[in-house]
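The values are calculated or read from the model by the stated rules, or taken from the named source; none is laboratory data. Computed from a prediction, not measured in an experiment: that's the story for all the values here. Using ideal geometry, Cβ is built from the backbone for each residue, glycine included, and neighbour counts are taken over all protein chains shown. When the accessible area is computed, the model is the full protein with side chains, heavy atoms only, and any ligands, DNA or RNA have been set aside. Shrake-Rupley method; radii C 1.70, N 1.55, O 1.52, S 1.80 Å.
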Amino acid sequence: MDVKIQFFSGGYSTHREAIVMRGGSWKSIAFPAVFAVITHPRIGIILYDTGYSARFFEETRNFPARLYAMITPVVYEARDNAAVQLKDLGIDPADVKYIITSHFHADHVGGLKDFPNTKFICSRAGYESVKPRRGLNAVKAGFLAGLIPNDFEVRALYVENQSQVALDSSYAPFQSGYDIFKDGSCYLVDLPGHVVGQLGLFITAEDQKRYFLIADACWVSRAYKELRYPHPITQLITSNYKEYQDTLQKIYQFHRLHPEVIVVPTHCNEQYQDLASGVLA
Ligand SMILES: [Zn+2]
């Protein structure tokens, strides 16, 4: 099946590399907020996350949310907006069928309000873990309620309402996933630890080229290639560090077993540059 996937950056933030990966440098480096545009011949246009939007700045103007913007300096211009970039491709944002929401951090859901007709494929457990949070409690969870459309719950399709199917050995050590379009092209898998209910996406695109989008299971590619964990300070913002380690170990094993599959951490600039320039696409 001719499923197409393209990668874009919806703004970026800056952090010191040594925080996101042990053994990294203390230089401040750019972390793009990558989103993917999937063109499926039967379903239509699907996004995996959206990156930032201008609403991030509105929602973090006042304390305590302002702490979020202080800890995570964001560089974003109007042209970085996911809906704007889709229009440049000739796609009307109103025609986007689904947005797979990997999790509810602001750098992944920033653009949800720009897609009026879209259904949101996400984890119910993930949504419910952030939904009641406000004030400092929300900031600690990287959650800005103002980024979530008012009718989100009406438009949400929770993966937990489907049953998982067994995956063949080409996905090992992942054993089960959600066959969201019932055609084997896209499987969602649980990648817990960073947050509750984080969803990764396996996709088989044109020419049987395979990708594994892993959201924030790690921030840079070296982390899953060499099994390098982040600085212990990140445990403050990690919902379950043991699960985080287990998930990263699984991705590390997956990569060793299937090195031909392109693994895409949302924020790895090196990987993004290769994907955007066509080296890997
Ligand atoms: Zn992120």
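Going through the range 128-164 one residue at a time, which ones are within 16 Å of the ligand (Cβ to nearest atom), in a helix (DSSP H, G or I) and not small (Gly, Ala, Ser)? Listed by number, the residues that qualify are 130, 139, 140, 147.
Consider residue 19 carefully, then state whether it is touching a residue at least 12 places away in the same chain (Cβ under 8 Å), surrounded by 13 or more Cβ atoms within 10 Å (Cβ to Cβ) and assigned to a strand (DSSP E or B). No.
The residues in the range 116-137 that are open to solvent by less than 50 Å² (accessible area, probe 1.4 Å) and modelled with pLDDT under 95 can be counted, and the count is 1.
With respect to the stated conditions, residue 178 is touching a Leu at 6+ places or on another chain (Cβ under 6 Å), modelled with pLDDT of 95 or more and closer than 25 Å to residue 47 by Cβ.
From the residues in the range 25-66 that are touching a residue at least 12 places away in the same chain (Cβ under 8 Å) and of a type in the set (Phe, Trp, Tyr), which one is nearest to the ligand (Cβ to nearest atom)? If we take residues in the range 25-66 being touching a residue at least 12 places away in the same chain (Cβ under 8 Å) and of a type in the set (Phe, Trp, Tyr), then 31 is nearest to the ligand (Cβ to nearest atom).
Could you say which residue among 182, 225, 250 is more than 15 Å from the ligand (Cβ to nearest atom) and farther than 22 Å from residue 164 by Cβ?
Working: 182 fails: farther than 22 Å from residue 164 by Cβ; 250 fails: farther than 22 Å from residue 164 by Cβ.
From the options 182, 225, 250, the qualifying one is 225.
Look at the range 156-180: where a residue is surrounded by fewer than 17 Cβ atoms within 10 Å (Cβ to Cβ) and a partner is in a helix (DSSP H, G or I) and among the polar types (S, T, N, Q), sitting 6+ places away or on another chain with Cβ atoms under 6 Å, you get 173/253. Here residue 113 meets each of (1) within 26 Å of residue 69 (Cα to Cα); (2) touching a residue at least 24 places away in the same chain (Cβ under 8 Å); (3) open to solvent by 20 Å² or more (accessible area, probe 1.4 Å); (4) assigned to a loop (DSSP other than H, G, I, E, B) with one exception, condition (4).
Look at the range 239-263: where a residue is at positive phi and open to solvent by 20 Å² or more (accessible area, probe 1.4 Å), no partner that is of a type in the set (D, E, K, R) and outside any helix (DSSP H, G or I) sits 6+ places away or on another chain with Cβ atoms under 7 Å.
In the range 106-113, the count of residues that are at negative phi, away from the ligand (no atom under 14 Å from the Cβ) and out of contact with any Gly (no Cβ under 6 Å at 6 or more places or on another chain) is one or more.
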